[in-house]
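Report on the following structure.
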Amino acid sequence: MNSIKELLDAKESDTVQTIEPQETVLTAVTRMMENNIGAILVVQDKVIKGILTERDYLRFVSERGRTARETPVNDLMTQRVVYVTPDTSMDEAMGIMTKQRVRHLPVMYEGRLMGIVSIGDVVKQIGRNQETKIRFLEDYIADPYPGPNSNQAKG
């Protein structure tokens, strides 16, 4: 598995949580907690306007004079959303996340939201890919000539 599309296809849940910009931060954070996710996409009229992450909320909590009950998501969200396409490779996605310092990447195809991947999703899959390569190499080292006479020396 090398592409983001393959990762999305293998994910247990393909439901992307979204919220509208005028809804409250409390509603967004509650939805994130209920779904055990670290980010929620801010969408209005089927267009991504931003993303609200746990990190955004932590910054918000440290500010004074504002409450999550009264503050609209629009005031707190990150407006510049970095995204990938389904054909983006795992390594490329990891590079984007590292360089841009983001933990969540929406997956877009022809202007349509296909899903979202987290740094955890990508790291787990890269680890699985490495395990597969290691097993293949171990099998090859143990028996480089598979076939009916695989354990006999080739001469």
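The values are calculated or read from the model by the stated rules, or taken from the named source; none is laboratory data. What you are looking at is a predicted structure, and each value in this text was computed from that prediction instead of being measured. FYI the Cβ positions are ideal-geometry reconstructions off the backbone, even for glycines, and counts take in every protein chain you see.
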Take the residues in region 1-34 that are more than 30 Å from F60 (Cα to Cα), among the charged types (D, E, K, R) and surrounded by fewer than 17 Cβ atoms within 10 Å (Cβ to Cβ); name whichever of them is modelled with the lowest pLDDT. E12
Has region 118-135 got any residue that is at pLDDT 90 or above, surrounded by 14 or more Cβ atoms within 10 Å (Cβ to Cβ) and not hydroxyl-bearing (S, T, Y)? yes
Between a residue in region 58-79 that is modelled with pLDDT under 85 and any residue that is aromatic (F, W, Y) and in a helix (DSSP H, G or I), which pairs come within a Cβ distance under 9 Å, given they are 6 or more apart or on different chains? R66/F60
Selection over region 85-106 where residues are hydrophobic (A, V, I, L, M, F, W, C) and either surrounded by fewer than 20 Cβ atoms within 10 Å (Cβ to Cβ) or touching a Phe, Trp or Tyr at 6+ places or on another chain (Cβ under 7 Å) (or both) yields a count of 3
By my count, strands (runs of 3 or more DSSP E) wholly in region 41-146 with at least 2 residues that are among the small types (G, A, S) and within 28 Å of Q22 (Cβ to Cβ) are 112-118
